[in-house]
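Q: Handing you this structure, nothing more for now.
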Amino acid sequence: MALRLHACFRGLGARAAAWPKTRGVSAGVMPWRTYATPANGGNSSQPPIRPGDPRYSGNAHEGYRRYQEEAQRRNTSGLLYVSAFVIFFLGSSYAAVPLYRLLCKTTGFMGTPKTEPTIRDAETLKPLEGHRKLRINFAGQVSTLLDWSFKPEQRQVSVVPGETALAFFKAYNNSDKPIVGIATYNVLPDQAAPYFNKIQCFCFDEQQLDPREEIDMPVFFFIDPEFADDPLMDDIDTITLSYTFFKASGR
């Protein structure tokens, strides 16, 4: 057993003595690991060259500088794109309400009466003789946060397409302080809204009432004569104009 161990150690010593010579380095020093890079032809006994190494060439340094400039340019472009998106989103949010109101006023969308002026001559605005009478109902309510009373002075009127009509609403401030209110409105049924044209109204305008003050608010309107040419209107004999008053924001 002792002879076998002795022979084993002799073999290891011979290999250790021969190993440094095959690598071309001094005995007892670990050789460099081989790194294959394009810069050294795919085979080298030296580690790869990196920025900051004394062997780092000027061309490589220039490439690294260009890489940093390109990265900075991309970051700046990304920041500009994000900023533009945020600005566009905020602008769209602020513009949404007036644009929606303009759409409703122009097209009668969502039961909103048309309030955009329409150029008509005496022929197109005169009452359509022989057309059935349309009953126009009026309704008024107030928000629970607004201490007002608000109601129509007449419950209904009868008109034919092309005939103008005038109605009044009465508002009263029940409180002991001035209050500013603002009204919204709609028309039912929704499909009749595009034909309901208001020449004068108090909607979307702030109205201030002093303590215990009462005022009359007029609505001047007509039903478009084109109502008579729409087959979808054949079954509609009653139209309701409804107002709701809210307390003005910040007032």
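The values are calculated or read from the model by the stated rules, or taken from the named source; none is laboratory data. Computed from a predicted model, the values in this text were never measured in an experiment. Don't worry about glycine lacking a Cβ; one is built from the backbone with ideal geometry, like all the others, and counts go over all protein chains shown. Note: accessible area is taken over every heavy atom of the protein model, side chains too, but ligands, DNA and RNA are not part of it. Shrake-Rupley method; radii C 1.70, N 1.55, O 1.52, S 1.80 Å.
Q: Is it true that ASP224 is open to solvent by 70 Å² or more (accessible area, probe 1.4 Å) and not hydrophobic (A, V, I, L, M, F, W, C)?
A: On the way: open to solvent by 70 Å² or more (accessible area, probe 1.4 Å): no; not hydrophobic (A, V, I, L, M, F, W, C): yes.
Criteria not met by ASP224.
Q: OK, next. Let me confirm something: among THR144, THR164, which residue is among the polar types (S, T, N, Q) and touching a Pro at 6+ places or on another chain (Cβ under 9 Å)?
A: Matching residue, one of THR144, THR164: THR164.
Q: Let me ask something additional. Answer with yes or no whether ASP229 is farther than 17 Å from ASN137 by Cβ, free of Cβ contacts under 8 Å to residues at least 12 places away in the same chain and over 35 Å from the mean Cα position of the chain (by Cα).
A: The answer is yes for ASP229.
Q: Still on this structure: Can you find a residue that is open to solvent by 10 Å² or more (accessible area, probe 1.4 Å) and under 19 Å from LEU128 (Cα atoms) anywhere in region 178-193?
A: no
Q: Right, here's the next one. Checking ARG251 against (1) touching a Phe, Trp or Tyr at 6+ places or on another chain (Cβ under 9 Å); (2) of a type in the set (Lys, Arg); (3) at pLDDT below 95, which test does it fail?
A: In the conditions (1) touching a Phe, Trp or Tyr at 6+ places or on another chain (Cβ under 9 Å); (2) of a type in the set (Lys, Arg); (3) at pLDDT below 95, ARG251 misses (1) alone.
Q: Can you tell me which residues in region 153-174 are in contact (Cβ under 8 Å) with a residue 60 or more places away in the chain and either out of contact with any Asp or Glu (no Cβ under 9 Å at 6 or more places or on another chain) or open to solvent by 30 Å² or more (accessible area, probe 1.4 Å) (or both)?
A: Result: GLU153, VAL159, GLU163.
Q: Kindly provide the set of residues from region 225-251 that are under 14 Å from GLN207 (Cα atoms) and not aromatic (Phe, Trp, Tyr), ordered by number.
A: THR244, LYS247, ALA248, SER249, GLY250, ARG251 - these are the residues of region 225-251 that are under 14 Å from GLN207 (Cα atoms) and not aromatic (Phe, Trp, Tyr).
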